Amino acid sequence: MNVKKFTAPTSREALRKVREALGPDAVILSNRPTDGEVEILALANDDAASLASPAPDSPMAHPDPYLDLPDAPMDAFDAFDAYQARASAAPAVPARPAAPRQPAAPAVARPALAARPAPQYAAPAAPALNIERPAARPAPQPHAPAKPAAPALDMERITAMVAEAVAGAKATAAAEMSSMMNELRAMRGMMETQLAEISWGSTQQREPQKAAVLREMLAAGFSASLARYLIEKLPAGRDAADSLRWIKTVLTRNLTAIANEDQLIEQGGVFALVGPTGVGKTTSTAKLAARCVMRHGPEKLALITTDAYRIGAHEQLRIYGKILGVMVHSVKDEADLRIALKELRNKHTVLIDTVGMSQRDHMVAEQIAMLQGSDVPVKRLLCMNATSTQETLNEVVRAYQGSGLAGCIMTKLDEAASIGNVLDVVIRQKLNMFYVSNGQRVPEDLHLADPAQLVERAFRLKQGAAAQYHDGDLPLLMSGAAHDMREVHLG
């Protein structure tokens, strides 16, 4: 078996050497890294096929029985045969005088061997020897056992080795292909980034008003993706002020908000306030409860809390309920919630204050399943903290959205340095904004969302902060921003 070893710095180079030396049908036996290089053991296809069975004309197909006998001293006849073979190959030498002839030695019995034809030799050029040979050798005895043939090669083991080698070669090729694709993607991203930087650099020189509007949007807290999309769609022939007004109009048009409280207060139903810990769910529940009591009275309202984890959480809602004259019910699981909603089916409005948990907690899905598992449809309102970053708000929406949200409530508006991040998420996630909370007073600090006022507030809060973005920073920011914003309508 002619196994050859090939080494190269990379698998690709080693495979190329195998293909050049043994052909494209070579069989890879092993592939492993050694001392910073890749070592491949390969076998030619013809050699691999010859492993199955020996050739018909090879010595392995018809073994000589004499080769299987144990080593024994050579008798006189074998010595004579060997001498004649050597003499026929050696040059002729001068003849010496014949020695006096000795009487023939008695015949010696040889061990029983299988009969074989005597080899035919050419007449040697050596001096003739007068040796008498017996007429025939004794025939083999019938009781002599025959030596078994050499065992055949284990084909299953060879097949397993070849299959393992092929599988290793496929895995290596797949890893090489994956690495190549990653490199191509990295090169493509680098080229796109550089081309985008060049494009935005030239845009700043040709249309400086776009750069001014871009600084305003980034300072207000809007994402680079939304800003890039709107700047690219900006009508031509406008100055910076007109361009900014057009941007504000588009943002206002894409902010969805309820026009009045009839959708919640007048229609009634079951509403659950959900969101992470500390976003103001309990306070917002109390503010909505106060509005319902002022409109329909305490007998038309019911409060439910599922927060049994925090110490004193349900007591806080019970205090609000006692002030408003509303009974507060506490539930622990889906069965309790189903029983409570069945008992409160005659109420006009039912508000559920849920337990706050991180958007990365697996219990968020269980909470959503509990609210959706009741017999009565529960509308979920997501409380969004205006002080959170845009990435955090996107995670919150994705975690709490489930099969869909009825709307959202923006909380802690008075604590936020910029609100463009919240408006950006509301626009891109297509959320319906119900209320805006800007304080702790119940129920004064809860207002209907006005899209135009919110957009103006977003640009007014960071007025003058646009100077922190330099001209050299804008192409870099825009090059990494996505430009596919199908969820934004220009009107």
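Can you name every residue in the range 20-44 that is more than 32 Å from the chain's Cα centre (by Cα) and surrounded by fewer than 13 Cβ atoms within 10 Å (Cβ to Cβ)? Break it down stepwise before answering.
Step one: list which residues in the range 20-44 are more than 32 Å from the chain's Cα centre (by Cα), which gives 20-26, 42-44.
Listed by number, the residues that qualify are 20, 21, 23, 24, 25.
Out of the range 213-262, which residues are β-branched (Val, Ile, Thr) and modelled with pLDDT under 85? Please lay out each step first, then the result.
The initial filter retains those residues of the range 213-262 that are β-branched (Val, Ile, Thr), namely 213, 231, 247, 249-250, 252, 256, 258.
Across the range 213-262, the qualifying residues are 213, 231.
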Could you tell me which residue of the range 366-392 is surrounded by the most Cβ atoms within 10 Å (Cβ to Cβ), considering only residues that are in contact with an Asp or Glu (Cβ under 9 Å, 6 or more places away or on another chain) and in a loop (DSSP other than H, G, I, E, B)? 386
When the range 361-382 is examined, which residues are found to be under 16 Å from residue 397 (Cβ atoms) and of a type in the set (A, V, I, L, M)? 364, 365, 368, 381, 382
Among the residues of the range 384-398, is any over 30 Å from residue 224 (Cα atoms), touching a Cys at 6+ places or on another chain (Cβ under 8 Å), touching a residue at least 60 places away in the same chain (Cβ under 8 Å) and assigned by TED's automatic domain parsing to the domain that holds residue 414? no
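I'd like to check which helices (runs of 4 or more DSSP H) are fully inside the range 250-355 and have at least 2 residues that are in contact with a strand residue (DSSP E or B) (Cβ under 8 Å, 6 or more places away or on another chain) and within 21 Å of residue 386 (Cα to Cα). Walk me through how you get there before you give the answer.
Details: elements: 281-296, 313-324, 334-343.
Per the criteria, 281-296.
Among the residues of the range 1-51, what is the count of those that are of a type in the set (Ser, Thr, Tyr), part of a helix (DSSP H, G or I) and touching a residue at least 60 places away in the same chain (Cβ under 8 Å)? Show your work before the answer.
As a first pass, look at the range 1-51 and keep what is of a type in the set (Ser, Thr, Tyr): 7, 10-11, 30, 34, 50.
Those still in the list that are part of a helix (DSSP H, G or I) too: 11, 50.
Filter once more, so that each one left must be touching a residue at least 60 places away in the same chain (Cβ under 8 Å): 11.
Selection size over the range 1-51: 1.
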Please determine, by comparing only the residues of the range 393-414 that are in contact with a Ser or Thr (Cβ under 9 Å, 6 or more places away or on another chain), of a type in the set (A, V, I, L, M) and assigned to a helix (DSSP H, G or I), which one is surrounded by the most Cβ atoms within 10 Å (Cβ to Cβ). 396
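The values are calculated or read from the model by the stated rules, or taken from the named source; none is laboratory data. Values in this document were obtained by computation on a predicted structure and should not be read as measured data. Please note: Cβ atoms are built from the backbone with ideal geometry, for glycine as well, and neighbour counts cover all protein chains shown.
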